[in-house]
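Note sheet for the following structure.
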Amino acid sequence: MNETFRSAGTAFANLVRSVPESAWDGPGLGEWDLRALVGHASRSLITVSTYLRAPAEREDVTSAAEYYAWVREHVTTADAGAIVERGRQAGRDLGEHPAATVDTLLERALDDVAAVDDPLITVIGGLGLRLSTYLPTRVFELAVHGLDVARATGLDLALPDDVLAEATVLAARISVRLGTAGPVLLALTGRSDLPSGFSVV
């Protein structure tokens, strides 16, 4: 799993290095400009390092799909404006050289992961889970938001097979957890289209 996290982080960092200077203030995703989108995605690196310094005493969640189901419920009661602003602040935190900042965040996260086994960590909302449960969620975020960045900039992003497999399988498992796997399976086999706006996150 650590190697897939490395693959996802490296692909994302390489993509950010290719972003033209003129694109940073342009459209990103929703209310975020590109800088805010990349900043939000970079938090998938930051939180790994941060949460490894916050040990947990209990394991509340035992799968990545269960984590996303919890987050989905949590987000419904969260302040949407605050979420948007966190992304913007993360974009500002990238500084004058966003690519170099992302490279540094990736190196730190990889070093931090390499220095531990599989500890219990405390994540958003005080939730306790294993590092091995959390890392697939970071692979998912880096993959999906990497594709968002590529779409926003017109850049090509060929994600590694291990990253695509991890992210796609997790998306399927989330849909099972949410009770929406039937429509997903029909769509993947060409039997029907998913409803407009459908998402597992």
So, with +1 on the Cβ of K and R and -1 on the Cβ of D and E, and no other charges, what is the size of the charge dipole of the chain about its Cα centre, to the nearest 20 debye?
-> 320 debye
Going from most exposed to least, what order do 196, 42 have by accessible area with a 1.4 Å probe?
-> 196, 42
What number comes out for the charge environment of residue 130, summing +1 per Lys or Arg and -1 per Asp or Glu over other residues with Cβ under 14 Å away?
-> -4
Of 68, 101, 178, which is farthest on the positive side of the dipole of the chain, counting Cα position, with +1 on Lys and Arg Cβ, -1 on Asp and Glu Cβ, and the Cα centre as origin?
-> 178
Sequence-separation-based contact order of the chain, relative, with Cα cut under 8 Å and 6+ spacing, percent = 34 percent
In whole Hz, what ³J(HN,Hα) sequence does the stretch 116-132 give by Karplus (6.51, -1.76, 1.60; θ = phi - 60°), x for Gly and Pro?
-> 10, 9, 9, x, 7, 10, 9, 10, 3, x, x, 6, x, 7, 6, 4, 5
So, in Å, what gap is there between the alpha-carbon centers of the stretch 61-84 and the stretch 122-201?
-> 14 Å
Could you size up the charge dipole of the stretch 73-189 around its Cα centre, putting +1 on the beta carbon of Lys and Arg and -1 on that of Asp and Glu, and report it in debye to the nearest 20?
-> 460 debye
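Calculate, for the stretch 99-201, the solvent-accessible area per residue in square angstrom, rolling a 1.4 angstrom probe over the heavy atoms of the protein chains.
Normalised by residue count, the accessible surface of the stretch 99-201 is 51 Å².
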Local electrostatic count, residue 113, Cβ distance below 12 Å [Lys/Arg +1, Asp/Glu -1] | -3
Given the rule -39500 (n - 2.57) for each run of at least 4 DSSP H residues, summed and divided by the residues of the chain, what is its mean residue ellipticity at 222 nm, to the nearest 500 deg cm²/dmol?
-> -20500 deg cm²/dmol
In whole percent, the fraction of accessible protein surface over the chain that belongs to carbon or sulfur atoms, probe radius 1.4 Å, stands at 52 percent
Excluding residue 88 itself, what net charge comes from residues whose Cβ is under 15 Å from its Cβ, given Lys and Arg +1 and Asp and Glu -1?
-> -2
Once the principal axes of the Cα atoms of the chain are found, what is the range along each, listed largest first in whole angstroms?
-> 44, 43, 35
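The values are calculated or read from the model by the stated rules, or taken from the named source; none is laboratory data. Predicted, not measured: the structure shown is a model, and the values here were computed from it. As a convention, Cβ positions derive from the backbone with ideal geometry for all residues, glycine included, and neighbour counts pool all protein chains shown. Each accessible area value is taken on the protein alone, full model and side chains, heavy atoms only, with ligands, DNA and RNA left out. Shrake-Rupley method; radii C 1.70, N 1.55, O 1.52, S 1.80 Å.
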